[in-house]
Amino acid sequence: MAIRTYIEAIREGMRDEMRRDPRVIVLGEDVGVKGGVFKATDGLHAEFGEMRVIDTPLAESAIVGVAIGAAINGLRPIAEIQFQDFILPAVDQIISEAAKIRYRSNNGFSVPMVVRAPFGGGVHGALYHSQSLEAMFCHIPGLKVVVPSTPQDAKGLLRAAIRDPDPVLFFEHKRCYRLIRGEVPDGEYTVPLGCAEVRREGRDIAVFTYGLMTHFCMEAAESLARDGFACEVVDLRSLRPLDRAAIVASARKCGKVLCVQEANLAVSVMSEVAAIVAEDCFEYLDAPVRRLGGPEVPGVPFSPPLEEAYMLNTTKIEAALRELAAY
Amino acid sequence: MAVMRPETSPGSDLDAELLLTMYRHMVRARVLDERMWVLNRQGRAPFVISCQGHEAAQVGMAMALRPGYDWIAPYYRDLALTLVLGMTPRDHLLALLARAADPNSGGRQMPAHYGYRPLNIITGGSPVATQVLHAAGAALASRVRGEDAVAYTSLGEGSTSEGDFHEGLNFAAVHQLPLICVVENNGFAISVPWSKQGHTKDVADRALGYGMPGVIVDGLDPVASYHAMTEAVARARRGEGPTLIEAKVARLTPHSSDDDDRPYKTREAVAEEKAQDCVLRFRRVLEQRGVLSPGDAEEVRAQCMREVDRAQEEAENSPLPSPESLHLHVYGDQ
Ligand SMILES: Cc1ncc(C[n+]2csc(CCOP(=O)(O)OP(=O)(O)O)c2C)c(N)n1
């Protein structure tokens with residue numbers, strides 16, 4: 001086991017897969033000599049050359065559309081979108097094309113492609129470098145959506161995503177890149193898509209979350225534990241497909257549920273989680289399902305007090321947990 | 001770099017067998033296309049979109065490609081192109097009638113959404129111009145593997161207003177990919193004329209902005225189309241990058257079976273285009289050259305009719321998809 005930051009784990013995941021499989025290529029803006037604006041692809045250009053690590057024109061639809069064509073013709077492309085906020089010009093290629101190609105060709109064609117993009121706030125990135133847009137992709141059959149929260153998962157999920165036969169959107173919380181360190185197993189391991197992970201066991205409140213919020217929830221759960229409340233923190237990891245069985249098991253076990261996400265709540269991942277709990281756990285609930293998420297404003301503002309007010313933190317989560325504990 | 005307008009005298013320098021093959025392909029596509037309209041008017045097929053008036057360009061271009069080796073990202077008018085590459089009237093009638101055995105999509109997509117794995121014909125959706133990027137990506141993959149396959153893509157002139165057209169050609173030019181992009185310019189995007197899509201005289205003028213050759217070809221002439229494509233393909237295979245070809249064609253039908261072209265196209269313009277019908281024109285050329293007799297032409301048409309009759313019967317007797325199949329093939333690891 002080695003200690004790695006979240007971004008180092010992602011870089012190693014790409015590097016190891018590129019060493020293992022000559023079909024894997026990386027393409028995106030500044031991914032070449034510079035190694036990406038966050039340095040996620042640092043060293044890949046030097047090791048694999050410009051044929052496999054491709055600086056593209058500044059054109060997101062092209063990055064994804066070319067990756068689709070390359071995947072159809074036998075490669076395993078990893079397309080990097082510099083910030084998730086700038087994925088929108090590529091949404092037609094993702095939703096109209098990548099998501100539908102297997103279905104519309106009756107299994108004749110498939111798109112084994114990964115689209116990586118950093119997302120999330122708390123980094124003074126303001127409206128257009130802070131968004132959490134995962135929900136819009138989770139709505140689309142044919143796509144898979146993954147958000148790792150730890151270095152171990154980041155590497156293992158990324159490797160699984162690269163080997164997956166279908167398009168996977170791999171969203172990396174940019175605040176985690178250098179903030180989060182952890183043990184990463186040696187050797188070739190993958191973390192299967194579609195499986196949630198119980199990060200902390202408990203029987204009083206089930207907390208469903210993902211991404212950076214996982215770490216905040218763990219801190220809040222720690223604090224409640226000191227007062228004798230045992231929270232079960234479930235890191236969803238895979239947002240599409242959701243691990244329905246894991247959600248149902250933890251919700252039934254605890255009888256109280258708090259759903260926590262950074263994105264605003266309307267028609268979001270946690271709308272779906274709450275619906276699953278409502279459908280499958282009704283008789284087991286001791287309290288109404290509670291959700292905690294971002295406010296219904298169009299983006300994360302720049303000025304520190306505004307950003308602070310937008311973002312969830314351990315204190316806000318703890319307060320929601322205590323309220324639920326007292327119900 | 002300037003836009004090229006190759007001079008051609010139709011049929012002059014190709015051997016008779018090749019010319020006859022071209023003619024047969026054109027007639028076969030026309031007969032099939034006309035049959036689709038009949039089925040539509042009989043209420044047996046809800047939707048038809050036509051290649052009539054585009055056959056010469058498509059047949060000429062397709063004959064310069066290597067079927068099953070090169071990568072093809074076509075658009076909805078490319079019926080004749082797909083037939084030359086190896087798809088059959090039966091394949092297309094199965095799609096028209098939304099049968100389970102439709103090799104494009106198993107009856108999931110509207111007709112004319114081509115896709116056929118064995119021939120590297122990449123499945124297309126309905127949004128226009130997205131396929132230009134897929135062709136660029138396919139070209140990139142061939143290059144990464146060191147193969148000399150080329151990628152072909154096509155679209156209408158109106159669709160060149162889309163961002164993906166620009167992004168695709170720019171990408172292909174920057175990376176000098178073996179891509180040939182064919183614009184089948186029939187003058188209208190449904191009802192909107194070229195003058196409201198672009199402010200250049202010709203679509204091919206846009207090639208200059210990408211630093212690639214732009215070629216204008218008489219798309220009513222299969223031989224000229226064949227030559228233009230042969231040259232572009234050779235350049236691409238040699239690693240000399242992409243080409244934009246504009247084929248000037250005619251749309252001999254309304255946009256689709258759901259369109260009525262009377263509000264935006266004068267009857268004189270329609271009559272003029274019909275007088276220039278590429279199938280009739282090529283027939284006259286071949287007759288003048290002594291390659292084809294009137295009797296031969298009738299026999300070609302009769303053969304095509306028999307093939308299409310058989311294909312229609314097979315398609316009509318082929319089962320519809322089962323409702324349970326709705327859920328299949330969303331993911332590969334289902
Ligand atoms: C992105 C998108 N917008 C609109 C449409 C509807 N539409 C289908 S075909 C068409 C006209 C295309 O004209 P052109 O590119 O000139 O090709 P043509 O049909 O004339 O061959 C339009 C507007 C579409 N399919 N996709």
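Before moving on, here are some points about what is shown:
- Taking Cα centre as origin and charging only the Cβ of basic (Lys, Arg, +1) and acidic (Asp, Glu, -1) residues, the dipole magnitude of the protein assembly as shown rounds to 360 debye.
- Dividing the mean sequence gap of close Cα pairs (under 8 Å, 6+ apart) by how many residues segment B:132-274 holds gives a relative contact order of 26 percent.
- The value of relative contact order for chain B, using C-alpha pairs under 8 Å at least six residues apart, is 25 percent.
- Restricting attention to segment B:3-317, close to 10% of DSSP beta bridges with both partner residues there are antiparallel.
- Full extension of the chain between B:Glu313 and B:Arg66 gives 85.9 nm of extra length, using 0.36 nm per residue less the Cα-Cα distance.
- Extended-chain gain in nm, criterion 0.36 nm per residue less alpha-carbon gap, B:Ser195 and B:Leu326: 42.8 nm
- Residues in segment A:86-114 occluded by at least 20 Å² - accessible area, probe radius 1.4 Å, against chain by itself: A:Asp92, A:Gln93, A:Glu97, A:Arg102, A:Tyr103, A:Arg104, A:Ser105, A:Asn106, A:Asn107, A:Gly108, A:Phe109
- Calculated [θ] (222 nm, deg cm²/dmol) that DSSP helices of n ≥ 4 give over the protein assembly as shown, each run adding -39,500 (n - 2.57): -12000 deg cm²/dmol
- Panel note: contact residues of segment B:95-115 (accessible area lowered by at least 50 Å² against the chain on its own; 1.4 Å probe) correspond to B:Arg108.
- A 1.4 Å probe run over chain B, with the rest of the protein chains in place, finds 39 Å² accessible per residue.
- Between chain B and chain A, the total buried accessible area stands at approximately 3300 Å², from heavy atoms with a 1.4 Å probe.
- Residue (of A:Ala117, A:Gly142, A:Ala154) at the positive-pole extreme of segment A:2-184, dipole from beta-carbon charges: A:Ala154
- Charge dipole of segment A:197-325 (Cα centre as origin; +1 on each Lys and Arg Cβ, -1 on each Asp and Glu Cβ, all else neutral): 160 debye, rounded to the nearest 20.
- To put it simply, the accessible area of segment A:197-325 at a 1.4 Å probe is 55 percent carbon and sulfur.
- Amide H to amide H, with H built 1.01 Å from N, A:Arg199 comes under 5 Å of A:Val233, A:Val234, A:Asp235, counting only residues 5 or more places away or on other chains.
- Largest GNM mean-square fluctuation among A:Gly187, A:Gly43, A:Gly122, using chain A with Cα springs under 10 Å: A:Gly187.
- Long-range amide H partners of B:Met212 with built H, under 5 Å: none
- Using the empirical formula 2.2 N^0.38 Å as the baseline, the Cα radius of gyration of chain A reaches a ratio of 0.98.
- Beta bridges assigned by DSSP with both partners in segment A:177-327 are antiparallel in approximately 20 percent of cases.
- Gaussian network model of chain B, springs between alpha carbon atoms under 10 Å - residue of B:Ala56, B:Ala95, B:Ala234 with greatest fluctuation: B:Ala234
- Note on B:Ala271 and B:Trp37: their simple-model spin labels are 1.8 nm apart, each label 7 Å out from Cα toward Cβ.
- The distance separating the Cα centre of segment B:13-33 from that of segment A:227-303 comes to 64 Å.
- Given charges at beta-carbon only (K, R positive; D, E negative), |dipole| of segment B:3-317 in Debye: 300 debye
- Shown is the FRET efficiency for A:Lys34 and A:Val91, computed with R0 = 35 Å from the Cβ-Cβ distance and rounded to the nearest 0.05: 0.85.
- Segment A:2-184 shape via C-alpha gyration tensor axes, a/c threshold 1.5: rounded
- Theoretical gain in end-to-end length, A:Ala319 to A:Glu201 [0.36 nm per residue, Cα-Cα removed]: 40.5 nm
- Taking the accessible area of segment B:3-317, probe 1.4 Å, and keeping the other protein chains in place, the carbon and sulfur fraction comes to 51%.
- Carbon plus sulfur fraction of accessible area for segment A:2-184, probe 1.4 Å, in percent: 54 percent
- Distance from segment B:141-171 to segment A:48-106 (C-alpha centre basis), Å: 14 Å
- The amide H of B:Val182, built 1.01 Å from its N in the peptide plane, has B:Thr153, B:Ser154, B:Leu155, B:Ile245 as neighbours under 5 Å, considering only residues 5 or more places off or on other chains.
- Backbone geometry of segment A:127-137 corresponds, through the Karplus equation with coefficients 6.51, -1.76 and 1.60 at θ = phi - 60°, to 3J(HN,Hα) couplings of 4, 10, 9, 9, 6, 10, 9, 4, 4, 4, 7 Hz, x marking Gly and Pro.
- Cα centroid of segment B:233-272 to Cα centroid of segment A:142-206, whole Å: 49 Å
- Percentage relative contact order, chain A, counting C-alpha pairs under 8 Å, at least six apart: 17 percent
- Prolate/oblate/rounded label for the protein assembly as shown (Cα gyration tensor, a/c 1.5): prolate
- Rounded to 5, percent antiparallel among DSSP beta bridges of segment A:92-248: 25 percent
- Normalised per residue, the accessible area of chain A is 36 Å², obtained with a 1.4 Å probe and no contribution from ligands, DNA or RNA.
- When GluC sites (Glu not before Pro) are flagged only if DSSP places them in a loop and at most 13 other Cβ atoms lie within 10 Å, the longest unflagged stretch of chain A comes out as A:51-187.
- Toward the positive end of the charge dipole of the protein assembly as shown, with +1 on the Cβ of Lys and Arg and -1 on the Cβ of Asp and Glu, the farthest Cα among B:Phe188, B:Leu39, B:Phe165 is that of B:Leu39.
- Rounded, prolate or oblate (a/c below 1.5 giving rounded, otherwise prolate when a/b exceeds b/c) for segment A:97-161 by Cα gyration tensor: oblate
- Phi-derived couplings, Karplus 6.51 cos²θ - 1.76 cosθ + 1.60 at θ = phi - 60°, listed residue by residue for segment B:316-333: 5, 8, 8, x, 6, x, 7, x, 5, 6, 3, 8, 6, 6, 7, 10, x, 9 Hz, with x used for Gly and Pro.
- GNM result for chain B, Cα springs below 10 Å: residue of B:Pro294, B:Pro178, B:Pro111 fluctuating most strongly: B:Pro294
- Residue-wise HN-Hα coupling along segment B:46-54, computed from phi with Karplus coefficients 6.51, -1.76, 1.60 (Hz; x: Gly, Pro): x, 8, 9, 10, 10, 9, 4, x, 9
The values are calculated or read from the model by the stated rules, or taken from the named source; none is laboratory data. Computed from a predicted model, the values in this text were never measured in an experiment. We place every Cβ from the backbone using ideal geometry, glycine too, and count neighbours over all the protein chains shown. Surface areas here come from the heavy atoms of the whole protein model, side chains and all, with no ligands, DNA or RNA. Shrake-Rupley method; radii C 1.70, N 1.55, O 1.52, S 1.80 Å.
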